[in-house]
Amino acid sequence: MPEHEKLTVAQRIERGVAAWERADYRAALEDFRAVLAEHPGFPDVHNKVGLCLAMLGDPEAALESFNEAIRLADTYAEAHLNRAIVLQELGRFHDAREDLRKAEELDHRDSREFPSDVGHKLAIAHAKLGDLYLVADHPEEAAEQYRRALAIRGRFLDIRSKYAEALMGMGRWEEAREQLEMILEKNPRFTGARVRLGVVLHRLGDAEGACRHWERCLEEDPGDLRARAYLTFLKRGGAPRG
């Protein structure tokens, strides 16, 4: 009798999880599929199969597994989240946004706070979707995704900086200023935020304030080409871009 047939369901799942944790996704997939061959009604195992397939570069098959997990348990927040991440990678942004909304709604249902692991994943997923919208020159949609990420993990300063960038792209300079000042209050050495704040202040007519921030950037990092270029523009009477 083959070794895997001697294992109980719990042992197979445990072995599959151990394989996943050491990044042996093919071995993990084999164990999880062996479980489903006997017990196809386990939504958590379908979710694990989807994760393995996604890591093995088969997003379409991964979606099928996440779909089955959700069919079996529509309130399975993690499966909605994992499906959203794969949909993002496939460029299906609208569908991804809906799954993110659903995962967020489900995870928030019984508590006002997101559990650490799920909340982290949700925030990162929203931020990645925001990045895609920003690259596609859709700052409104990008800003909404960054806002949702910050609602979950407001302490993530890199996401707040991207949110400010999206606000700048919409010409919402005062709001961008507020976000950037919040970042620098928490981390005065966040050079990227300070450079952007200089741009925002210049757009708001405060050239002196912009100059102060860019000069401070150069004090902290003399090799910062952005701050040096913006100061050069300022001295020549130009209008630097964010």
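The values are calculated or read from the model by the stated rules, or taken from the named source; none is laboratory data. The structure presented is a predicted model; accordingly, all values stated were derived computationally and were not measured. Positions of Cβ are backbone-derived with ideal geometry, glycine not excepted, and every protein chain shown enters the neighbour counts.
Does residue 37 satisfy the criteria of being out of contact with any helix residue (DSSP H, G or I) (no Cβ under 6 Å at 6 or more places or on another chain), free of Cβ contacts under 8 Å to residues at least 60 places away in the same chain and either assigned to a helix (DSSP H, G or I) or farther than 27 Å from residue 142 by Cβ (or both)?
yes
Of all residues in segment 150-164 being over 11 Å from residue 126 (Cβ atoms) and modelled with pLDDT under 90, which is nearest to the chain's Cα centre (by Cα)?
Top of the filtered list is 158.
Of (1) surrounded by fewer than 17 Cβ atoms within 10 Å (Cβ to Cβ); (2) at negative phi; (3) not small (Gly, Ala, Ser), residue 137 satisfies all except one. Which?
For residue 137, the failing item is (2).
Give me the residue from segment 135-149 that is small (Gly, Ala, Ser) and in a helix (DSSP H, G or I) and, out of that set, nearest to the chain's Cα centre (by Cα).
149
So which pairs qualify, if the first residue must be in segment 199-212 and under 12 Å from residue 168 (Cβ atoms) and without any contact (Cβ under 8 Å) to a residue 60 or more places away in the chain, the second must be of a type in the set (A, V, I, L, M, F, W, C) and crowded, with 18+ Cβ neighbours inside 10 Å, the Cβ gap must be under 6 Å, and the two must be at least 6 apart or on different chains?
From segment 199-212, the pairs are 200/173; 200/176; 201/210; 202/210; 203/173; 204/173.
Could you tell me which residue of segment 150-180 is surrounded by the fewest Cβ atoms within 10 Å (Cβ to Cβ), considering only residues that are in contact (Cβ under 8 Å) with a residue 24 or more places away in the chain, outside any helix (DSSP H, G or I) and not charged (D, E, K, R)?
It comes out as 170.
Hey, could you check segment 20-38 for residues that are closer than 13 Å to residue 55 by Cα, of a type in the set (A, V, I, L, M, F, W, C) and surrounded by fewer than 19 Cβ atoms within 10 Å (Cβ to Cβ) and say which is nearest to the chain's Cα centre (by Cα)?
Ranking the qualifying residues of segment 20-38, first place goes to 23.
Scan the helices (runs of 4 or more DSSP H) fully inside segment 43-130 and keep the ones with 3 or more residues being surrounded by 15 or more Cβ atoms within 10 Å (Cβ to Cβ), within 20 Å of the chain's Cα centre (by Cα) and modelled with pLDDT under 90.
77-89, 93-107
Out of curiosity, is residue 64 of a type in the set (Asp, Glu) and within 19 Å of residue 120 (Cβ to Cβ)?
No.
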